[in-house]
Amino acid sequence: MKKIQELLDAELGQAFRAAGYDEKYARSALSNRPDLCEYQCNGAMAAAKEYHKAPIQIAEAVAEQLKGSKLIGDVQAVKPGFINMKLSEASLSAYLNEMRMDERLGCEKAQQPKTIIIDYGGPNVAKPLHVGHLRSAIIGESVKRIERFAGHRVIGDVHLGDWGLQMGLIITELKERRPELPYFDEAYEGEYPAEAPFTITELEEIYPTASARSKEDADYKEAAMQATFELQHGRRGYQALLGHILNVSVSDLKRNYQNLNVEFDLWKGESDAQPYIPDMVQRMRDEGHAYLSDGAWVVDVKEESDTKEVPPCMLLKSDGASLYTTTDLATIVEREKLYHPDEIIYVVDKRQEMHFIQVFRCAKKCGLVGEDTKFTFLGFGTMNGKDGKPFKTREGGVMRLEYLIQNINEEMLKKIQQSRPMDDREADKTAKVVGLAALKYGDLSNQASKDYIFDVDRFTSSEGNTGPYILYTIVRIKSILKKYAETGEKGEGAIIRPASSESEKALQLELAKLNGVMESACEEYAPHRICAYIYDLANAFNKFYHETKILGAEDREARAGWIELLNLTKRVLEVCIDVLGFAAPERM
Ligand code: ARG
């Protein structure tokens, strides 16, 4: 469906032409004086310069042309030259009825669907998920859903950090504890056990122990680096151990992400990119892009317009070891080969921006992808505690994601039990559903690039701009719909009727904005746009609800019409929270 504003602009265009002015001035905008009008056009002010006339003269002429419009119910030219407009109640409700009949609620699919890879999550194997990984998962999941809803083919890749020193550390520690295992015997040629020699709990203990020890014991660290090197150069026993570490970690990660309602299409990692490195580097050398600098292979990526220094992109260190950059470049080679994406979006902490500037430039310069492939870095800010510093546990350590989720859920459970009686099982389940909304909405309602303060109290509140408030609104609608169904009344063939009050009109206007909001959220990779929209929509609904006797209305047709309006409101809210990555319970 065309957006309301497109329809308005078309009528404005005709009116400008009919009045003798260029239609390029016919642009509508949401009113910044909602007390006066719903939409406005400021084009007469700009046109005044070209036509050497007073803006109000032009505005008046255009307004005159709009007088007969079906779409616009009220139009006024206001000094100095604004054209203020209100939609007609009849055209607005007709628009909503069309929207209601459409499975996609009036949101059009992309005409040229793109293949998009979203690189998000980015957990590091064997290290527990911490809050730093939370934002990537939450934002990435939502952006993935938004792009997918828009009709693009989207592939989400978790891009595991599985290729660093942490592997060598685990191997070294395990070797100290259980040297008899076959993985450490270089002469061993048999099959390795199918079962991992550790559980996830052990693994999560082994890594921090090893990491702490390597900071104090130089020989131990040396051994871990050597083990990493041997692993990366194909030592059989270590490769088998890597397989075990991956398996054990990945099943744990999957469980955690599942709790977050986050789902990846690909579980690839840094290690998958390794086979592509030798050829890639060779080609960069052959084609003259890479050169030796102090023994390391590098590619220059600075550009004249740079305002800050962009250092050369390092491919191989002087000892031949590859780096984070190398892995990301080789991953691009792999993605290009397997999926040929039109775009790759990286949802990563914004402190890694320089790394990605280097990687993107190097990939383009060396032709790893075509000219048209788009790279998007979606850098997010830090989640801070109430003290304004990066979020920590009470003891000052890094907060594990599981505990953080537990905190939210417990707080939610308390609030739910205070507000209405519910048996324990349902209360538990509801607390999880609402807790997730609290957590995700708390994050997504901020512009991703900004830092924000994690505030359990505020996030779990059912009032204000929060996830629970949105869910309360949906639950409220569900309960009215249920009561209506229970009356046995069937509003067959009912349609949304022209608004009969200000609050109803305001609600209808909000509903009509859905397709425009979805489109800009998609273009800007901006879940916060959707949050802002559903907050406005929920407010408009609740105002209407408080001012209107819906089920108690005398007129049967009015009742049935409002039920359709509620149905549509519910569907719009549900589509929106679905792309944000959470859902509503039946009751709360
Ligand atoms: N594992 C990395 C980290 O924890 C994030 C990976 C981001 N993605 C990428 N392609 N580099 O910092």
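The values are calculated or read from the model by the stated rules, or taken from the named source; none is laboratory data. Predicted, not measured: the structure shown is a model, and the values here were computed from it. Because the Cβ atoms are built from the backbone with ideal geometry, glycine has one as well, and the counts that use them run over all protein chains shown.
Considering only residues in segment 303-324 that are within 14 Å of Pro278 (Cα to Cα) and touching a residue at least 24 places away in the same chain (Cβ under 8 Å), the one that is surrounded by the fewest Cβ atoms within 10 Å (Cβ to Cβ) turns out to be Ala321. Within segment 2-26, being closer than 23 Å to Lys505 by Cα and either touching a helix residue (DSSP H, G or I) at 6+ places or on another chain (Cβ under 6 Å) or assigned to a helix (DSSP H, G or I) (or both) holds for Lys3, Ile4, Gln5, Glu6, Leu7, Leu8, Asp9, Ala10, Glu11, Leu12. Taking (1) modelled with pLDDT under 95; (2) over 35 Å from the mean Cα position of the chain (by Cα) in turn, Trp297 satisfies each apart from (1). Pairs meeting the criteria (first residue in segment 535-553 and free of Cβ contacts under 8 Å to residues at least 60 places away in the same chain, second residue of a type outside the set (Asp, Glu), beta carbons under 6 Å, at least 6 apart or on different chains) are Ala540/Ala506; Ala540/Leu507; Lys543/Ser503; Phe544/Ser503; Phe544/Leu507; Glu547/Ser503; Ala553/Arg559.
Do we find a residue being without any contact (Cβ under 8 Å) to a residue 60 or more places away in the chain and in a helix (DSSP H, G or I) anywhere in segment 391-403? Yes, that holds for at least one residue. Would you say Ala150 is hydrophobic (A, V, I, L, M, F, W, C), in contact with a Cys (Cβ under 7 Å, 6 or more places away or on another chain) and more than 16 Å from the ligand (Cβ to nearest atom)? So Ala150 fits the description; yes.
Restricting to segment 298-329, name every residue that is within 16 Å of the ligand (Cβ to nearest atom) and part of a loop (DSSP other than H, G, I, E, B). Show your work before the answer.
Initially, segment 298-329 is screened for residues within 16 Å of the ligand (Cβ to nearest atom), giving 313-315, 322-329.
Selection gives Leu323 alone.
A search for C-beta distances below 6 Å between a residue of segment 57-84 that is touching a residue at least 24 places away in the same chain (Cβ under 8 Å) and any residue that is buried (at least 16 other Cβ atoms within 10 Å of the Cβ) and among the charged types (D, E, K, R), counting only pairs 6+ apart in sequence or on different chains, returns Ser69/Glu11; Leu71/Glu11; Asp74/Lys86; Ala77/Glu60.
Among the residues of segment 107-132, count how many are outside any strand (DSSP E or B), surrounded by 23 or more Cβ atoms within 10 Å (Cβ to Cβ) and of a type outside the set (Phe, Trp, Tyr).
Here is the first cut: in segment 107-132, the residues outside any strand (DSSP E or B) are 107-114, 120-123, 125-129, 131-132.
Next cut, surrounded by 23 or more Cβ atoms within 10 Å (Cβ to Cβ) only: 120-121, 123, 125-126.
If we keep only those that are of a type outside the set (Phe, Trp, Tyr) as well, we get 121, 123, 125-126.
Counting residues in segment 107-132 that are outside any strand (DSSP E or B), surrounded by 23 or more Cβ atoms within 10 Å (Cβ to Cβ) and of a type outside the set (Phe, Trp, Tyr) gives 4.
Would you pick out the residues in segment 357-381 that are out of contact with any helix residue (DSSP H, G or I) (no Cβ under 8 Å at 6 or more places or on another chain) and either within 16 Å of the ligand (Cβ to nearest atom) or modelled with pLDDT under 95 (or both)? If the condition is that a residue be out of contact with any helix residue (DSSP H, G or I) (no Cβ under 8 Å at 6 or more places or on another chain) and either within 16 Å of the ligand (Cβ to nearest atom) or modelled with pLDDT under 95 (or both), then Ile357, Phe360, Arg361, Lys374, Thr376 are the ones that fit. Which one of these does Glu189 not meet: (1) at pLDDT 95 or above; (2) surrounded by fewer than 20 Cβ atoms within 10 Å (Cβ to Cβ)? Exception for Glu189: condition (1). Among the candidates Leu36, Leu66, Leu30, which residue alone is within 16 Å of Ala10 (Cα to Cα), at pLDDT below 95 and either in contact with a helix residue (DSSP H, G or I) (Cβ under 9 Å, 6 or more places away or on another chain) or surrounded by fewer than 19 Cβ atoms within 10 Å (Cβ to Cβ) (or both)? Just one listed residue meets the conditions, Leu30. Residues that are within 14 Å of the ligand (Cβ to nearest atom), of a type in the set (Lys, Arg) and at pLDDT 95 or above do occur in segment 330-345, at least one of them.
Restricting the search to segment 511-545, which residues are surrounded by fewer than 17 Cβ atoms within 10 Å (Cβ to Cβ) and touching a Lys or Arg at 6+ places or on another chain (Cβ under 6 Å)? Scanning segment 511-545 gives a single hit, Ser520. Screening segment 72-99 for residues that are surrounded by 18 or more Cβ atoms within 10 Å (Cβ to Cβ), of a type in the set (A, V, I, L, M, F, W, C) and more than 16 Å from Leu568 (Cβ to Cβ) and picking the one that is nearest to the chain's Cα centre (by Cα) gives Leu87. The single condition among (1) within 16 Å of the ligand (Cβ to nearest atom); (2) in a loop (DSSP other than H, G, I, E, B) that Glu263 does not satisfy is (1).
Residues in segment 153-174 that are assigned to a helix (DSSP H, G or I), within 16 Å of the ligand (Cβ to nearest atom) and surrounded by fewer than 24 Cβ atoms within 10 Å (Cβ to Cβ): Leu165, Gln166. For Gly234, the conditions (1) at pLDDT 95 or above; (2) not in a helix (DSSP H, G or I) all hold with the exception of (1).
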